[in-house]
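Here's the structure we're looking at; comments come further down.
The values are calculated or read from the model by the stated rules, or taken from the named source; none is laboratory data. Fair warning: this is a prediction, and the values are worked out from it, not measured in the lab. Virtual Cβ from ideal backbone geometry, glycine too; neighbours counted across all protein chains shown. Note: accessible area is taken over every heavy atom of the protein model, side chains too, but ligands, DNA and RNA are not part of it. Shrake-Rupley method; radii C 1.70, N 1.55, O 1.52, S 1.80 Å.
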Amino acid sequence: MADITVTEHLLLHQKRTPQATGQFTGLLYDLILSGKSIARRINQAGLLDILGGTGEVNVQGENVQKLDSIANRIMLYRMERCGALCAMSSEEEADLVRVRPEFPRGDYILIFDPLDGSSNIDVNINVGTIFSIFRRPEGNTGEVSLNEVLQPGVKQVGAGYILYGPATMLVLSTGQGVHGFTLDPGVGEFLLSHPNMRIPQQGHIYSVNGGNWKNWDETTRKAVSWFRTCETPDGKAYSARYVGALVADFHRTLIYGGIYMYPPDIVKPHGKLRLMCEANPLAFLAEQAGGKASDGHGRILERVPDALHTRTPLFIGSTKDVEAVENIYAHPVV
Ligand code: AFP
C-alpha cells in the first residue's frame with residue numbers, strides 16, 4: 001500500500017466549501033500531535049518515575065495515575081492553543097474548560113478521556129486517548145455555556161481514539177467511514193493502514209467484566225448468558241475476552257466483531273462509562289463502521305447528556321449481537 005499520511009488523507013477527504021476555514025483540519029493536526037507526545041511518554045513509562053498514582057482522586061472518584069495527569073496536561077496545553085476550539089471537557093476535569101481570552105478561539109468543542117484504561121498502565125497493557133468533537137451551535141458567540149456543550153452524540157462532527165499498544169494507532173471518523181492509521185516511529189507519522197474499517201454483522205467474541213455477576217439483575221444475567229451459551233454463525237461457541245481498557249476492548253471488537261458490554265448493576269445503576277468522553281465517540285465509530293451502540297434500550301447517540309460526566313450502560317459492536325441484547329432488555333425478567 002502506498003504510504004498515505006493522516007494529514008494527506010484528511011486533506012483528500014475533507015469536504016471543501018467556500019466557507020471552510022481549515023479550523024477542523026488544524027484541530028485534528030494538534031490532536032494527533034498531542035497523541036504522539038502522549039505515546040512518547042507512555043513508551044518511557046518504565047524508565048522514568050511516571051508509573052503509579054499521584055495520590056489524588058479525580059471527579060469520577062478514581063485514583064489518578066501519574067500518566068493520567070501527564071496526558072491530561074498535554075491535551076489541555078496543546079489543544080487550548082490550536083485556535084479551533086472554544087471549550088474542552090476532560091474526564092479528569094470536574095468543570096468545562098473554556099479557552100482563555102489570550103488564545104485564539106474557534107468554533108469547535110473537544111471532549112476527551114486523556115488516558116482510558118490507565119489502571120492498566122503499571123502492567124504495560126494497552127491504554128488509549130478517546131476524543132469526540134462537536135461544533136458550537138450556529139450563531140453563538142461569547143463565553144460558551146454548558147448547554148452548548150451538552151449535545152447528543154448524533155451531533156458529533158468527528159470522533160476517534162489513539163491506542164497505545166504494541167503499535168500506536170489512530171482510529172478516526174469525520175463522518176465518512178472509519179479509517180485506521182499506524183504510527184511509523186521512524187518517520188513520526190501516522191500512515192493509513194486500515195482504510196474503511198467495517199464491523200462484521202455478527203461476531204464470535206463477547207467482552208464483559210463477569211466479576212460483576214452478583215451485582216446484575218436477572219435480565220442482565222440473561223443477556224450475558226446468551227453469549228455464554230449461544231453459537232456463532234459457523235456453529236462455534238463465543239469466546240470471552242476482557243482487557244479492562246475500553247479502548248482496547250473496542251478496538252478488538254471493531255476488527256473482529258462481537259460485543260463489548262458494560263451493563264448497569266446495583267453498585268453502578270447508571271453504568272460505569274462516561275457518555276460524553278467514552279460511549280459517544282465509540283458509538284460514532286461503531287455506527288460509521290456499520291455496527292451499533294446501545295444503552296440496552298436505545299441508541300447511545302440519541303441520548304442527551306444532563307451533565308458533563310453523565311454515565312451510561314454500554315452495549316457496542318456487531319449489529320446482530322447488540323440487537324440480541326436489546327431484545328432481551330425489551331422483555332425484562334420479572
Ligand atoms: P480506568 O481509566 O480508570 O482504568 O477506567 C477504565 C474504564 O473506564 C474502561 O476503560 C474499562 O472498560 C472499564 O473502566 C473497566 O471497568 P471494570 O474494571 O469495572 O471492569
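Give region 223-265 a look and list any residue that's aromatic (Phe, Trp, Tyr), under 19 Å from Ala293 (Cα atoms) and touching a strand residue (DSSP E or B) at 6+ places or on another chain (Cβ under 7 Å), or say none. Within region 223-265, Phe227, Tyr242, Phe250, Tyr256, Tyr260, Tyr262 meet the criteria.
Assessment of region 163-178 against the conditions (without any contact (Cβ under 8 Å) to a residue 24 or more places away in the chain, surrounded by fewer than 19 Cβ atoms within 10 Å (Cβ to Cβ) and in contact with a strand residue (DSSP E or B) (Cβ under 9 Å, 6 or more places away or on another chain)) yields at least one matching residue. What do you reckon, is Arg105 open to solvent by 10 Å² or more (accessible area, probe 1.4 Å), over 17 Å from Leu146 (Cα atoms), outside any strand (DSSP E or B) and assigned by TED's automatic domain parsing to the domain that holds Ser34? Judged against the criteria, Arg105 is not a match.
On inspection, Pro269 fails the criterion of being more than 16 Å from the chain's Cα centre (by Cα), within 16 Å of the ligand (Cβ to nearest atom) and crowded, with 17+ Cβ neighbours inside 10 Å. The combined condition, being of a type in the set (D, E, K, R), assigned to a strand (DSSP E or B) and within 15 Å of the ligand (Cβ to nearest atom), is fulfilled by Asp113.
Given Gln19, Gln44, Gln60, which one is open to solvent by 30 Å² or more (accessible area, probe 1.4 Å) and either over 18 Å from Leu183 (Cα atoms) or at pLDDT 85 or above (or both)? Result: Gln19 is the single residue among Gln19, Gln44, Gln60 that is open to solvent by 30 Å² or more (accessible area, probe 1.4 Å) and either over 18 Å from Leu183 (Cα atoms) or at pLDDT 85 or above (or both). The lone criterion from (1) at pLDDT 95 or above; (2) within 16 Å of the ligand (Cβ to nearest atom) left unmet by Glu92 is number (1).
Answer yes or no: is there a residue in region 142-158 that is closer than 26 Å to Phe315 by Cα and part of a strand (DSSP E or B). Among the residues of region 142-158, at least one is closer than 26 Å to Phe315 by Cα and part of a strand (DSSP E or B), which makes the answer yes. Residues considered: Arg78, Arg100. Of these, the only one that is in a helix (DSSP H, G or I), at pLDDT 95 or above, open to solvent by 50 Å² or more (accessible area, probe 1.4 Å) and touching an Asp or Glu at 6+ places or on another chain (Cβ under 8 Å) is Arg78.
Please find, within region 117-144, the residue that is farthest from the ligand (Cβ to nearest atom) out of those that are free of Cβ contacts under 8 Å to residues at least 24 places away in the same chain and open to solvent by less than 70 Å² (accessible area, probe 1.4 Å).
Filtering region 117-144 for residues that are free of Cβ contacts under 8 Å to residues at least 24 places away in the same chain and open to solvent by less than 70 Å² (accessible area, probe 1.4 Å), the one farthest from the ligand (Cβ to nearest atom) comes out as Gly142.
Listed by position, the strands (runs of 3 or more DSSP E) contained in region 215-334 that have at least 3 residues being β-branched (Val, Ile, Thr) form an empty set.
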